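The values are calculated or read from the model by the stated rules, or taken from the named source; none is laboratory data. Treat the numbers as computed from the prediction; the structure is a model and nothing was measured. Please note: Cβ atoms are built from the backbone with ideal geometry, for glycine as well, and neighbour counts cover all protein chains shown.
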Amino acid sequence: MNKKAILTILLIAIFPTFTAFTFSSFTVNTMSDYSYEPMNFQVYPDYFDPETSIMTWDLDIIDIDQVVNTYPDVNGDGVYVAVLDTGLVANWRDYFPEERIKTEWGRGFVDKGVMAAINGGIYIPHIVESVNFIDDHPHGTHVTSSIIGYGFYGTLVLGVAPKATIIPVKVLETYSGLQANFGTNYAIAAGIDYVTNLAIDNPDNRFIISMSLGSLTQIDEIEQAAIDRAIANGVVVVAAAGNYGVEGMDSPGSYAPIISVGASGWSSYTELYGYNGEWLIDGTFSSSWWDEDIPEDNSYVSYVTDFSGRINPELSWDQELDILAPGSWVVGPYPQGFGQSRLPWWAPGVGTGLWGGNFYFVGGTSMATPHVSGVVALMLQVNPDLTPAEVESILKMTADFIPFAGSAWVLYDPNDPVLVEITWGYDGFEAVGSGLVQADAVIDYLI
């Protein structure tokens, strides 16, 4: 047994730095990412009308609007997406229809060996499995919202695959002695193995693992073995590229058999479309930009965020970046205590959330990952016989081109509305993968 366990960090994109805590027997890497009551899906079902639902910028830019219009029955129905994350907040029913969450399959995996080490003991992995997938950290709830959509004060905000079924698997825990939320490789591997066992026991269903987590290290052999087993049993594994930018890609996302996801955004200014993009409408600062229509010229108006993990040729281990998806300023439920609203981590200063304390703009490859997981759910609904390798190949083949080396003008901080030029792809770093995921092109290819 490996006595020195590297603890896998949570990619919450609201904290600008990370700190490494070293103990006698293990190392932790972690980051340092007047509210109204939302209308409950169960209490007010008639308020959530698909005909009046909101199509947000992040779904528009990957052409979910085209899927809805052309293939209205392609919605992820019958496909299970296991979100390995912080689980769901206790009031998740305020945001999600109850039938979209497979509660009886929800699980929590906590490594009790961490607390022993924090208290001065020797770290020995001790994974405890429970049926408790509830946690007060909202990261997993926000991630889930991009896949199946959510209720927003009586309005339905669309998700990529609104009829997919979520399996909440809590593998990230807030350990009181560290004041940080993370999971050990052993806990994450246990979560992966759990989903693989579900897939083996339910051969007529298709399963996806979505992991908005990782660490800037070479993949651990324990996680790698669990991932290999999952893929061998037909489970499609999607993971974040990480938020360390030019420092490199996080594992497990960097591991080649996984579909790795970097983060893109919507340029605030382009020569062709003027000052229309993130935070701007017709040259005027606007907080309602997020549900505006985006030009179909996706490869022109998209940019690669500066935090998006990319292939760093100086690292000593192999890395593979597959695809980009929206990961800048993604709106979703992020319920926290009063007054804890924050901007995405790259923005200095404190924001006020979005119309109350339960919905926030959050950014990171954590937010990009569920967009691809949702597209995979659409694919598997259309053709359940696709192998994980075929899914990855089709996603990459149908992606919109993003220039290997490019730049974009972005309103980087709403508190300081000045356009900043962001560049990517220079000095040998590979930031774009195969380009921006395109849901309509994927379905067109399959149908």
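One residue stands out among those in segment 287-311 that are at pLDDT 90 or above and exposed (fewer than 13 other Cβ atoms within 10 Å of the Cβ): the one that is nearest to G428 (Cα to Cα), which is D297. When segment 395-421 is filtered for residues that are buried (at least 19 other Cβ atoms within 10 Å of the Cβ) and among the β-branched types (V, I, T), the ones remaining, listed by number, are T398, I402, V410. Looking at the structure I just gave you, is I166 over 10 Å from V110 (Cα atoms), part of a strand (DSSP E or B) and touching a helix residue (DSSP H, G or I) at 6+ places or on another chain (Cβ under 6 Å)? Yes; evaluated as a whole, the condition is true for this residue. Within segment 108-149, the set of residues being under 17 Å from the mean Cα position of the chain (by Cα), in a helix (DSSP H, G or I) and not hydroxyl-bearing (S, T, Y) comprises H139, G140, H142, V143, I147, I148. So which residues in segment 273-294 are under 17 Å from G332 (Cβ atoms) and in contact with a Ser or Thr (Cβ under 7 Å, 6 or more places away or on another chain), if there are any at all? Answer for segment 273-294, where residues must be under 17 Å from G332 (Cβ atoms) and in contact with a Ser or Thr (Cβ under 7 Å, 6 or more places away or on another chain): E278, W290, D291.
The one condition from (1) at pLDDT 95 or above; (2) among the β-branched types (V, I, T); (3) in contact with a strand residue (DSSP E or B) (Cβ under 7 Å, 6 or more places away or on another chain) that T217 does not meet is (1).
Out of segment 312-327, which residues are among the hydrophobic types (A, V, I, L, M, F, W, C) and at pLDDT 95 or above? Correct list: L321, I323, L324, A325.
Going through N358, N415, N383 one at a time, which residue ends up being modelled with pLDDT of 95 or more and either on the phi < 0 side of the Ramachandran plot or within 17 Å of the chain's Cα centre (by Cα) (or both)? Step by step, each of N358, N415, N383 is checked, and only N383 is modelled with pLDDT of 95 or more and either on the phi < 0 side of the Ramachandran plot or within 17 Å of the chain's Cα centre (by Cα) (or both).
Here's the yes/no breakdown for (1) among the hydrophobic types (A, V, I, L, M, F, W, C); (2) at pLDDT 95 or above; (3) crowded, with 24+ Cβ neighbours inside 10 Å:
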{"position": "T144", "(1), (2), (3)": "no, yes, yes"}
{"position": "Y153", "(1), (2), (3)": "no, no, no"}
{"position": "L156", "(1), (2), (3)": "yes, no, no"}
{"position": "V171", "(1), (2), (3)": "yes, yes, yes"}
{"position": "S176", "(1), (2), (3)": "no, no, no"}
{"position": "Q179", "(1), (2), (3)": "no, no, no"}
{"position": "I192", "(1), (2), (3)": "yes, yes, yes"}
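Being of a type in the set (V, I, T) and in a helix (DSSP H, G or I) is the filter; apply it to segment 194-217 and report the residue that is surrounded by the fewest Cβ atoms within 10 Å (Cβ to Cβ). Looking at the filtered set, the residue picked out is I200. Answer yes or no: is there a residue in segment 365-386 that is among the acidic types (D, E) and under 18 Å from V261 (Cβ atoms). Taking every residue of segment 365-386 in turn, none turns out to be among the acidic types (D, E) and under 18 Å from V261 (Cβ atoms).
Picking from D111, D49, which residue would you name as being at pLDDT below 90, more than 27 Å from D400 (Cα to Cα) and charged (D, E, K, R)?
D49
Could you check, for segment 328-349, whether at least one of its residues is among the aliphatic types (A, V, I, L, M), at pLDDT 90 or above and either part of a loop (DSSP other than H, G, I, E, B) or more than 22 Å from the chain's Cα centre (by Cα) (or both)? Checked segment 328-349: no residue is among the aliphatic types (A, V, I, L, M), at pLDDT 90 or above and either part of a loop (DSSP other than H, G, I, E, B) or more than 22 Å from the chain's Cα centre (by Cα) (or both). A263 meets the conditions (1) surrounded by fewer than 22 Cβ atoms within 10 Å (Cβ to Cβ); (2) among the hydrophobic types (A, V, I, L, M, F, W, C); (3) within 30 Å of D282 (Cβ to Cβ) in every case but one. The failed one is (1). Report whether or not G78 is at pLDDT below 95 and either surrounded by fewer than 22 Cβ atoms within 10 Å (Cβ to Cβ) or in contact with a Phe, Trp or Tyr (Cβ under 9 Å, 6 or more places away or on another chain) (or both). No; evaluated as a whole, the condition is false for this residue.
Please verify whether V237 is in a strand (DSSP E or B), within 22 Å of the chain's Cα centre (by Cα) and either farther than 23 Å from D306 by Cα or of a type in the set (F, W, Y) (or both), treating the condition exactly as stated. It is true that V237 is in a strand (DSSP E or B), within 22 Å of the chain's Cα centre (by Cα) and either farther than 23 Å from D306 by Cα or of a type in the set (F, W, Y) (or both).
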